[in-house]
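Single-structure report; data block below.
The values are calculated or read from the model by the stated rules, or taken from the named source; none is laboratory data. Everything numeric here is computed off the predicted structure, so don't read it as measured data. Glycine gets a Cβ as well: all are built from the backbone with ideal geometry, and neighbour counts include every protein chain shown. Note: areas computed on protein heavy atoms with side chains; ligands, DNA, RNA excluded. Shrake-Rupley method; radii C 1.70, N 1.55, O 1.52, S 1.80 Å.
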Amino acid sequence: MLNKQTKQAVKEWSESLAGLGPILTGEDILTPMSEVRDAYTRMLANNPAPAGVSFTEVDMGGVPGTLVTPDNLETDAIVMYIHGGAYIVGEPAGYHGIGGNYASMLGARVYMPDYRLAPEYPFPTPVTDTVRAYEWLIERGFDASKIVLAGESAGGAMVVTVMVAARNKGLPLPAGGVSISPWANLEHTGVSMTNRGGLDPLNTKAGLDFLARIFLGDALPNHPMASPVFADVTGLPPVLVQIGENELMLSDAMRLATHLGDNRVRVNLEVWPGMFHAWHFFSTLQPEAVQALESSVVFMKQALRDAAK
């Protein structure tokens with residue numbers, strides 16, 4: 001059950017993108033994309049970082065990024081957190097809350113790449129930028145077995161996509177990945193795209209179809225590097241998929257988990273009753289957000305231990 005504060009915060013999240021559609025369709029030619037993106041970042045930044053973490057800007061091999069460092073640094077393992085936003089909005093400045101929580105809870109450094117966004121930079125640029133950021137970590141000498149990936153929405157899909165791309169490039173693979181509310185199938189064929197209509201407080205199928213087309217450009221929605229449910233996922237490390245039961249993306253996230261399992265990837269699937277898209281953000285408001293973060297941290301720690309064997 002969502003409390004009153006969470007419901008209000010989710011309403012503000014939804015309203016922060018009200019002006020995006022008219023800009024993307026050309027109906028609004030006066031408002032720059034930067035204005036909507038800045039508003040989105042300010043809204044997400046209302047989810048505060050915990051005490052005891054610091055943020056510095058870094059260059060991740062030509063991709064700008066943010067490094068989150070906890071005061072209680074306990075491990076040389078690192079997290080690469082990949083933000084969401086339909087590949088169209090979002091930047092690390094809005095993700096200090098979740099990035100800071102992972103840094104604090106793991107006692108580990110967190111790197112957050114600031115990949116380029118559509119429509120100015122459509123598919124595959126956001127993906128190739130994020131793969132480049134991971135490659136930079138390897139070039140810097142970080143042991144891949146001490147890296148875990150995490151991300152939500154588009155970033156949740158890229159957790160798997162980056163692993164696939166890294167494997168295809170011959171790069172060493174991370175210890176594991178946490179895929180939160182993944183936007184895993186841009187064909188949007190899962191049954192929850194219709195039977196969760198009205199329950200999902202943030203998304204509609206028509207809206208997701210539109211955003212997918214903006215991101216994809218000339219690519220098809222079943223391109224394996226855009227929709228990991230169609231990718232060759234053999235040989236990937238363990239993945240945790242966390243999805244809210246009220247999400248339109250529920251069925252396609254479950255399909256991603258099944259696809260991973262069918263291809264002999266160790267996968268954990270958590271479906272959280274009554275939860276909405278990327279509820280993890282609201283750790284100061286909703287108990288399930290903290291519980292989901294804690295569960296994902298347990299998974300990360302186990303993946304790191306197993307990779308070290």
Range in the chain, longest, excluding exposed GluC sites (Glu not before Pro) [loop by DSSP; at most 11 other beta-carbon atoms within 10 Å]: 121-309
Rounded FRET efficiency, nearest 0.05, which uses the C-beta distance separating LEU199 from VAL298 and R0 of 25 Å: 0.35
GNM top mover of ILE214, ILE82, ILE243 - the chain, alpha-carbon springs below 10 Å: ILE214
For a label point 7 Å along the Cα-to-beta-carbon line of PHE210, residues of segment 1-24 with backbone N under 12 Å: 17-24
For segment 248-278 versus segment 39-73, the gap between their alpha-carbon centres in whole angstrom: 27 Å
When each of LYS205/LYS301; LYS169/LYS301; LYS11/LYS301 is checked by Cα-Cα distance, pairs over 28 Å: LYS205/LYS301; LYS11/LYS301
In nm, spacing of pseudo-spin labels at ASP59 and ALA144 (7 Å Cα→C-beta vector): 2.6 nm
In nm, spacing of pseudo-spin labels at GLN8 and THR75 (7 Å Cα→C-beta vector): 3.7 nm
Relative contact order (%) - segment 240-295, alpha-carbon pairs under 8 angstrom, separation at least six: 40 percent
Within segment 107-187, trypsin sites (Lys or Arg not before Pro) in DSSP loop having at most 12 other beta-carbon neighbours inside 10 Å: ARG140, LYS169
Top of ASN46, ASN168, ASN268 by mean-square fluctuation, Gaussian network on the chain, Cα under 10 Å: ASN168
Among HIS259, HIS277, HIS83: highest mean-square fluctuation, GNM of the chain, C-alpha pairs under 10 Å: HIS259
Spacing of the two label points (7 Å from each Cα toward its C-beta) at ARG42 and ILE29, in nm: 2.7 nm
Helix runs (DSSP H) in the chain reaching 24 Å along axis by Cα, Kyte-Doolittle at least 0.5: none
The chain - mean residue ellipticity at 222 nm from DSSP helices (-39,500 (n - 2.57) per run, n ≥ 4, rounded to 500): -12500 deg cm²/dmol
Segment 28-153: relative contact order in percent, alpha carbon pairs under 8 Å with at least 6 residues between: 31 percent
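So, with a 1.4 angstrom probe, what is the percent of accessible area on segment 228-309 that is carbon and sulfur?
Using a 1.4 Å probe with all protein chains present, segment 228-309 comes out at 53 percent carbon and sulfur.
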Rel. contact order, % - alpha carbon contacts under 8 angstrom, at least six apart, segment 1-84: 18 percent
Under-5 Å amide H pairs with SER179, H placed in peptide plane, nonlocal only: LEU240, VAL241, GLN242
Protein accessible area in segment 1-151, 1.4 Å probe - carbon and sulfur %: 52 percent
Accessible area per residue in Å² at 1.4 Å probe, computed on the chain: 39 Å²
Förster-model FRET efficiency, 41 Å R0, ALA308 and THR284, C-beta, rounded to 0.05: 0.80
Antiparallel bridge percentage (DSSP; both residues within the chain; nearest 5): 30 percent
